[in-house]
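Working notes, structure below.
The values are calculated or read from the model by the stated rules, or taken from the named source; none is laboratory data. Nothing here was measured: the structure is a model prediction, and the numbers come from that model. Note that we place each Cβ from the backbone using ideal geometry, even for glycine, and neighbour counts take in every protein chain shown. All accessible areas refer to the heavy atoms of the entire protein, side chains included, with ligands and DNA or RNA removed. Shrake-Rupley method; radii C 1.70, N 1.55, O 1.52, S 1.80 Å.
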Amino acid sequence: MLISNFFVKKQVKAFTSRLFDEKSFYSSFLSDLEDCKHEVIIESPFISRKRMDILLPFFRRLVNRDVTAYVITKDPNILKEPLATYSSKVIREFEVLGVHVLAALNHHHRKLAILDRQVLWEGSLNILSQTNSREIMRRIEGEDHAKEMFEFLKLRRFIK
């Protein structure tokens, strides 16, 4: 009899989890941004004008509070117009603000946020571009899960 060890149980501390849709997500997420103390990491493949008109003031406040902010998004050079031009413009705005931008050249399509390595948001919603689509996001509050995602994505290569 062959016993495979594909699944390894890991001791995980208690956590809370809650689901959000495209209507309920932003109020909770923006509240979380306001509560951040140290670091915000957002992965969103696309950036839209409408969404950034709302989000840029929150990024300004983060930077003014000395919260380190990282945005991981698609490199504008692999996008079609007019998305490429607008994405380039917002990336420049981010960099002027002091937000660190990591532009991915691969088939980047993850949608998530890690806040203070304590809160993990993950799901189908493009945080920096969502406008009219039906989406779902899960908020997981628990250091183990946020740090597990950070390590799983090998973000330590870019973020200390």
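Estimated at 0.36 nm per residue, the fully extended path between Ser124 and Arg18 surpasses their Cα-Cα distance by 36.7 nm. Gain on full extension, evaluated as 0.36 nm per residue between Lys50 and Asp116 minus their Cα-Cα distance, stands at 21.1 nm. Derived scalar couplings between HN and Hα for region 77-94 equal 5, 9, 9, 8, 6, x, 4, 4, 5, 5, 4, 4, 4, 5, 4, 4, 4, 4 Hz in order, rounded to whole Hz, by the Karplus curve 6.51 cos²θ - 1.76 cosθ + 1.60 (θ = phi - 60°), x for Gly and Pro. Annotation for region 121-154 versus region 55-115: alpha-carbon center distance of 16 Å. Computed over protein heavy atoms with a 1.4 Å probe, the carbon and sulfur contribution to the accessible area of region 45-160 reaches 53%.
Working from label points 7 Å from Cα in the Cα-to-Cβ sense, the Asp35 to Arg134 distance is 2.9 nm. Note on His109 and Ser27: the extension gain reaches 27.2 nm, defined as 0.36 nm multiplied by sequence separation minus the Cα-Cα distance.
Which angle between 0 and 90 degrees, to the nearest 10, do you get for helix 49-64 versus the longest principal axis of the chain when only C-alpha atoms count? Rounded to the nearest ten degrees, it is 80. Once the Cα atoms of helix 143-152 and of the chain are each reduced to a long axis, what angle between those two axes, in degrees from 0 to 90 to the nearest 10, is obtained? So the inclination is approximately 80 degrees. The modelled label-to-label distance for the pair Arg60/Glu95, using points 7 Å beyond Cα in the direction of Cβ, is 2.1 nm. Taken per residue, the accessible surface of the chain reaches 60 Å², heavy atoms only and a 1.4 Å probe. Adding -39500 (n - 2.57) for every DSSP H run of four residues or longer, then dividing by how many residues the chain holds, sets the calculated 222 nm ellipticity at -10500 deg cm²/dmol.
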